[in-house]
1. Per residue, how much accessible surface does the chain expose to a 1.4 Å probe? Answer in Å², no decimals.
2. Of the DSSP beta bridges with both residues in the stretch 391-492, give the percent that are antiparallel, rounding to the nearest 5.
3. What share of the DSSP beta bridges in the chain is antiparallel, in percent to the nearest 5?
4. Tell me the mean residue ellipticity at 222 nm calculated for the chain from its helices only (DSSP H runs of n ≥ 4, each -39500 (n - 2.57), averaged over every residue, nearest 500).
5. What residues qualify as long-range amide H neighbours of residue 570, i.e. H under 5 Å apart, gap of 5 or more or another chain, H built at 1.01 Å from N?
6. Under the 0.36 nm per residue contour assumption, what length would be gained going from the current alpha-carbon distance of residue 485 and residue 618 to full extension?
7. Which log10 I(q)/I(0) values does the stretch 415-490 give at q = 0.28 Å⁻¹ under the Debye formula, counting every alpha carbon as one identical point scatterer?
8. With charges only on Cβ, +1 for K and R and -1 for D and E, what is the dipole size of the stretch 327-395 about its Cα centre, in debye, rounded to 20?
Amino acid sequence: MSGREALLSSLDLITIGRSSVDLYGAQVGGRLEDMASFNKYIGGSPTNIAAGTARLGLKSGLLTRVGDEHMGRFIREQLVREGVDVRGVKTDPERLTALVLLGIRDQEQFPLIFYRENCADMALSEEDIDPAYIAEARCVCATGTHLSHPRTEAAVLKALRLARENGARTALDIDYRPNLWGLAGHGAGESRYIESDAVTAKLQSTLSLFDLIVGTEEEFHIAGGSTDTLAALKAVRKVSKATLVCKRGPMGAVVFDGDIPASLDGGQTGEGFPIEVFNVLGAGDGFMSGLLKGWLTDEDWPTSLKYANACGAFAVSRHGCTPAYPSWEELQYFFRTGIRDKALRKDKALEQVHWSTNRTGDWPEMRVFAFDHRIQLEEMADEAGVSHDRLGPFKELCLKAALRVADGRPGYGILCDGRLGRDALYAATGTGLWIGRPVELPGSRPLETEAEIGPDFGGLGEWPIDNVVKVLCFYHPDDDAAMRADQEATVSRLFSAARRNGLEFLLEVIPSKVAAMNDDTTAAIIDRFYEIGVYPDWWKLEPMKSAEAWDKACAAITRHDPHVRGIVVLGLDAPAAELEESFATAAKFDLVKGFAVGRTIFGETARKWLAGCIDDDTAIAEMAEKYRSLAAVWDRARKENAA
């Protein structure tokens, strides 16, 4: 690292500018007018780049404004999930967060509408630029839109000046959108080039402030004031010593770090990746993310371009902008395997790596209170002679007990159903608890699902994104062919439906309820489900008596999916002493993250409460104490094994 970058920095990069919510049409091939539903993502070039570089391992921050409303909070929370520093994300009390509506019409048309009238990010001002924050960064990256208004331009120029005074690098993504400069109407959001002497003059007045300038040929046309690309690049070179990176679409990109040669082919290039074009929106931000990763880790230009071209290829092949960008692990996997399907999103192995290495949230410990029981609680209500309507309120008491024990700390969760426990589920969402939600019809074998899931599993589309699809399958390797095929088909369809809806998937298997087990039984089941293409984020396994059985099960999972979230141990209504013994064995294995136990915690209390023998507060206190004690047993077992 040179003297310029030898800074005591906590951030590699700060991006500055636009931040919006992208509403992407879910129907591919239709007009934007005909879209029936939309997927919601974070958007805006600086926001995309901050998230894209964070996925690649850079310590990235964002300077912008968002509204004091739900969409502003969504951007802030999603950035945190992506690992982006949000200290520079200011909340504007008066303006709304920007919105963008986008669609994929075909391989050439990608209509979009910007909803940015007096939006929050265009109120970014010099007062929002904290010198101490800028001083933390090795690089500040701006995008062109925020040079289009005096107030935002002043903010950008202040950030650039401070960065240069600190010896940090500076970068510009020209990111030319004519209608954001007032040159085209609202319906022309897709337009990428309109000639404007005023825009050219404005851009050229700032180009000397950058060490790196990146743009498409059209973007260099506006920056250089000529539709001849070489002439435009030479005009930019007259006012800036920056390294220039010109993107040429399917022809890749070329770098000029000195005089502009007589041909575009005279610059430095990197490996390209010819893939199917599915969606060009956000591809430039993916490209910039990869380029910055290389540049800020002092790779040479061919290597940096390789990163950039690959990240752009991922973006072009997937739906959405930030959701399409790769993790560093995924990028390295892609470099090892190469292109196996030009439609990258159809490469199942690659998509599994993409999914598993870009999941948000971290759950190294799992202490789960499972009260998703339906048949058992209905039987308790019948024994007490009370209506099943009492079970919903009881599950709300279970939730209160869980929240009391968690006390805002990570590593706690619940399993709760949507039929009897709907109100508890609603109340749990957003509390910070891990939430698993069953879909199986209780006791069914072959596996069937609850009516609310629907025959096509379309009911999953109504679930909050933080609910984990949990399915219990009474499966055994010795099942006959018909039973095995039936259950495997249902689990496979559920897994696919969960992925399509962006929901994590937990597979629970209890072979002991079907037939005898040995040390190989659970491992064989695990191998089989991976063999048919089911990659659970979580496994829920019954307690195994021997360490050898646990070792074989963990080895099977790791062999197929090194990025799995982990395993939770179920309770099977075992007494506390028996659970303590099973925890001691399971805790020896790092892949086992904790437990998911129910009746041991709530069983006795439920019977007393349903019979009217205790009140709500007593029920909550009893369950909280048992849950807390069980968590302590697990924590102790884990600590003893760590020692």
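1. Result: 40 Å² of accessible area for each residue.
2. So the antiparallel bridges amount to about 10 percent of the total.
3. Given both bridge residues lie in the chain, the antiparallel proportion sits at roughly 20 percent.
4. -12000 deg cm²/dmol
5. Excluding prolines and chain starts, which carry no amide H, the hits are 541, 542, 596.
6. 43.2 nm
7. -1.34
8. The calculated dipole for the stretch 327-395 is roughly 580 debye.
The values are calculated or read from the model by the stated rules, or taken from the named source; none is laboratory data. Here the structure is a predicted model, which is why all the values come from computation and not from measurement. We place every Cβ from the backbone using ideal geometry, glycine too, and count neighbours over all the protein chains shown. Each accessible area value is taken on the protein alone, full model and side chains, heavy atoms only, with ligands, DNA and RNA left out. Shrake-Rupley method; radii C 1.70, N 1.55, O 1.52, S 1.80 Å.
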